[in-house]
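Presented below is the structure to which this report refers.
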Amino acid sequence: MVHVPAVTVHTGLPVVRAIRYVEPLREGGSLPGLVEGDDLGTYVVKFRGAGQGPKTLVAEIVVGELGRRLGIRVPDLVLVDLDDAIARREPDPEIQALLLASVGVNLGMDFLPRSLGYDGHGRRADADDAAKVLWLDALTVNVDRSWRNPNLLTWHGQLWAIDHGAALLFQHTWPGVEAFAARPYAIDDHVLAFAADRLPSVDAALAPQVTPSVLKEILTLVPDDWLPEVPGMDGAEPDAVRAVYADHLAARAAASSAWLPAGGA
Ligand SMILES: Nc1ncnc2c1ncn2[C@@H]1O[C@H](COP(=O)(O)OP(=O)(O)OP(=O)(O)O)[C@@H](O)[C@H]1O
Ligand SMILES: [Mg+2]
């Protein structure tokens, strides 16, 4: 049976319907939950109604999908349609409130069963994989890949990047494009800093791939409703807001010599 989502979403991400809320994830600050989809998939769902707000979901899509296109392993992303009945069945009042506030479209990430958290203390990740993730984080100013909170998984012996909600700093402050493009990025606390010596070659390979057309395509994956109000752009069409995100990232990719972390120089 073809699934017709309750809410019409115009993005290229697949839409699955939640059929069961399984359990909360133990570690997540935003109370992400494990959800069964009607496609037999199991997803880690970030709820639209969480305190962090939809901007973190925008960052998850933009940075996750950009990373995937640059050859970084990111679990598949989907939109998860949550209906009222599932929310009402949830006995835990805190979770029920979150689910009720999130009826409609949410973000799902394919759950990697039995994956291990990568904490940097055991066997090191492959240096090329690590350098790519480090470069992506520097490009998108992702401050959430520290030793304390690595947001990396090891699955079948390979490194997977998750949780990009804290990236795209500019969407919380909206500086001019120029200010964001050249903003330095500190890697001292980054769990993959060991790979910094590979940054120049990774930069040479990846920066040219962050083109306006790739960015435009990625931004179309973001649902209209999740795009924020941009100061000075009251009432702007969603595509105009998408273009601002793409411009910020394209400008920064073109200015990598200004922010490429020391140690990679
Ligand atoms: N795709 C996945 N497969 C398996 N486990 C996952 C997956 N995504 C997340 N997890 C687990 O759930 C935890 C919380 O997920 P995530 O870091 O994305 O949530 P968060 O609320 O943004 O977290 P925080 O803000 O606390 O870093 C992860 O640390 C990891 O242990
Ligand atoms: Mg996390």
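The values are calculated or read from the model by the stated rules, or taken from the named source; none is laboratory data. Being a predicted model, the structure only gives us computed values, none of them experimental. FYI the Cβ positions are ideal-geometry reconstructions off the backbone, even for glycines, and counts take in every protein chain you see.
Of these, Ala243, Ala186, Ala254, which one is out of contact with any Asp or Glu (no Cβ under 7 Å at 6 or more places or on another chain) and surrounded by 15 or more Cβ atoms within 10 Å (Cβ to Cβ)? Steps first, please.
On the way: Ala186 fails: surrounded by 15 or more Cβ atoms within 10 Å (Cβ to Cβ); Ala254 fails: surrounded by 15 or more Cβ atoms within 10 Å (Cβ to Cβ).
It is Ala243.
For region 162-183, filtering for residues that are among the hydrophobic types (A, V, I, L, M, F, W, C), within 16 Å of ligand 1 (Cβ to nearest atom), within 23 Å of Ala254 (Cβ to Cβ) and crowded, with 21+ Cβ neighbours inside 10 Å leaves 2. When the residues of region 25-44 are filtered to those that are of a type in the set (Val, Ile, Thr) and over 16 Å from Asp84 (Cα atoms), the one that is surrounded by the most Cβ atoms within 10 Å (Cβ to Cβ) is Val44.
Whether any residue in region 49-69 is away from ligand 1 (no atom under 16 Å from the Cβ), surrounded by 14 or more Cβ atoms within 10 Å (Cβ to Cβ), not basic (Lys, Arg) and not assigned by TED's automatic domain parsing to the domain that holds Leu227 is what I want to check.
yes
One residue is enough: does region 172-183 have a residue meeting the conditions over 21 Å from Gly53 (Cβ atoms), in a loop (DSSP other than H, G, I, E, B) and either in the same structural domain as Gly51 (by TED's automatic domain parsing) or touching a residue at least 12 places away in the same chain (Cβ under 8 Å) (or both)? Step through it out loud before you land on a result.
Taking region 172-183 and keeping what is over 21 Å from Gly53 (Cβ atoms), we get 176-179, 181-183.
Now drop any that are not in a loop (DSSP other than H, G, I, E, B), which leaves 176, 182-183.
Cutting the leftovers down to either in the same structural domain as Gly51 (by TED's automatic domain parsing) or touching a residue at least 12 places away in the same chain (Cβ under 8 Å) (or both) gives us 182-183.
Scanning region 172-183 turns up at least one residue that is over 21 Å from Gly53 (Cβ atoms), in a loop (DSSP other than H, G, I, E, B) and either in the same structural domain as Gly51 (by TED's automatic domain parsing) or touching a residue at least 12 places away in the same chain (Cβ under 8 Å) (or both).
Checked against (1) within 27 Å of Val80 (Cα to Cα); (2) surrounded by fewer than 19 Cβ atoms within 10 Å (Cβ to Cβ); (3) β-branched (Val, Ile, Thr), Thr211 passes all but a single condition, namely (1).
In this structure, does Val22 turn out to be buried (at least 20 other Cβ atoms within 10 Å of the Cβ) and away from ligand 2 (no atom under 16 Å from the Cβ)? Quick ask: steps written out before the conclusion?
On the way: buried (at least 20 other Cβ atoms within 10 Å of the Cβ): no; away from ligand 2 (no atom under 16 Å from the Cβ): yes.
The answer is no for Val22.
Among the candidates Trp226, Trp155, single out the residue that is surrounded by 16 or more Cβ atoms within 10 Å (Cβ to Cβ), within 23 Å of Val45 (Cα to Cα), touching a Lys or Arg at 6+ places or on another chain (Cβ under 8 Å) and not assigned by TED's automatic domain parsing to the domain that holds Val58. Trp226 is the lone residue from the list that is surrounded by 16 or more Cβ atoms within 10 Å (Cβ to Cβ), within 23 Å of Val45 (Cα to Cα), touching a Lys or Arg at 6+ places or on another chain (Cβ under 8 Å) and not assigned by TED's automatic domain parsing to the domain that holds Val58.
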